[in-house]
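In what follows, a structure is listed as structure tokens, so that the remarks can point back to it.
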Amino acid sequence: MALREILHFPDPRLRLRARPVDAVDDGVRALVDDMFETMYAAPGIGLAATQINVQKRILVADVSDDQSAPHCLINPEILSREGEEEMDEGCLSVPGFYERVQRAERVRVRALNRDGEAFEMEIDGLLAVCVQHEIDHLDGKLFVDYLSTLKRNRIRKKLEKQTARAPSERTSLAGSAVNL
Ligand code: QAP
Ligand code: CO
């Protein structure tokens, strides 16, 4: 188990599209465990592999108060959406900023679990918003993309100013992509 570094907007690696996992093996399970550890330590309620510079279609989420409802979704797919919901969203990759975003209120998703077994679930409320937010990450999309250009640029400038960049964040896009 290890804590992983979380990339911050506007890091271009957050724009990469994650590829499907073809076999849920021990390497993938170790990655999932690191993702839970990193999310809980933050603390956060959701984390996508893209945020830790791994381009695999994996997300973890737990919207409980006491780490009692962990969800691991590998190769998640939204099968159907219903209704509309507006919620204040934040993101571990956009620290300190929260803005209202509109999403589907209820979604049916299909994914593989940590054991590689397919499952489906119907979710609503915060978990549904979180899963939609995390699937966006796997497609290189961030919640700030739903805001006005003005708001997004303000957030970008503030984060660029306050982020003392770690060396790994300065490496080139091509040279830094992780392919486990
Ligand atoms: C996505 O986000 C989400 O700014 C998960 O300073 C969030 O876990 C979906 C966090 C809200 C729906 C609603 C953000 C922690 C955590 C921050 C997170 C921060 C520290 C965000
Ligand atoms: Co996020």
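Seen through its C-alpha gyration tensor, with square-root eigenvalues sorted a ≥ b ≥ c, the range 1-160 comes out oblate because a/c lies at 1.5 or above while a/b is not bigger than b/c.
Hey, what number do you get for the chain at 222 nm if only DSSP H runs of n ≥ 4 count, each worth -39500 (n - 2.57), divided across all residues, to the nearest 500?
Values: 5 runs with 52 residues, N = 180.
The per-residue figure over the chain is -8500 deg cm²/dmol.
Around the Cα centre of the chain, unit charges on the Cβ atoms of Lys, Arg, Asp and Glu (plus for the first two, minus for the last two) sum to a dipole of about 1200 debye.
Please report the projected area of the range 1-84's Cα convex hull averaged over all directions, in nm². It would help to have the intermediate numbers written out before the result.
Values: hull surface 27.2 nm².
Seen from a random direction, the Cα hull of the range 1-84 projects 6.8 nm² on average.
Between Leu147 and any residue 5 or more places off or on another chain, the built amide H atoms are never under 5 Å apart.
For the range 65-104, what does the alpha-carbon gyration tensor say about shape, rounded, prolate or oblate, given a ≥ b ≥ c as the root eigenvalues, a/c under 1.5 as rounded, and a/b over b/c as prolate? Could you put the intermediate results ahead of the total?
Working: a/c = 1.75, a/b = 1.08, b/c = 1.62.
Because a/c hits 1.5 or more and a/b fails to exceed b/c, the range 65-104 counts as oblate.
DSSP loop (so not H, G, I, E, B), at most 12 other Cβ within 10 Å: list which GluC sites (Glu not before Pro) in the range 65-110 pass both filters. Numbers along the way, then the final one.
Working: sites: Glu77, Glu82, Glu84, Glu85, Glu86, Glu89, Glu99, Glu105; in loops: Glu84, Glu105.
Here the sparse-neighbourhood loop sites are Glu84.
Could you tell me which residue out of Ala61, Pro43, Pro10 lies farthest along the dipole of the range 1-119 toward its positive end? Charges go on the beta carbon: Lys and Arg +1, Asp and Glu -1, centred on the Cα centre. The residue sitting most towards the positive pole is Pro10.
One chain, two ends: Lys161 and Glu77. Fully extended at 0.36 nm per residue, the span grows by 26.6 nm beyond their Cα-Cα distance.
Overall form of the range 92-132: oblate. Here a/c, set by the Cα gyration tensor axes a ≥ b ≥ c, is 1.5 or more, and a/b is not larger than b/c. As a calculated quantity, the FRET efficiency between Asp115 and Asp88 at R0 = 35 Å, using C-beta atoms, amounts to about 0.55. Going by neighbour counts of Cβ atoms within 10 Å, the residues Thr163, Thr38 line up, fewest first, as Thr163, Thr38.
Any read-out appearing in this document is the output of simple, stated calculations on the displayed coordinates, not a laboratory observation. Just so it is clear, the model here is predicted, and its values are computed rather than measured. Here Cβ is always computed from backbone atoms with ideal geometry, including for glycine, and neighbour counts include all displayed protein chains.
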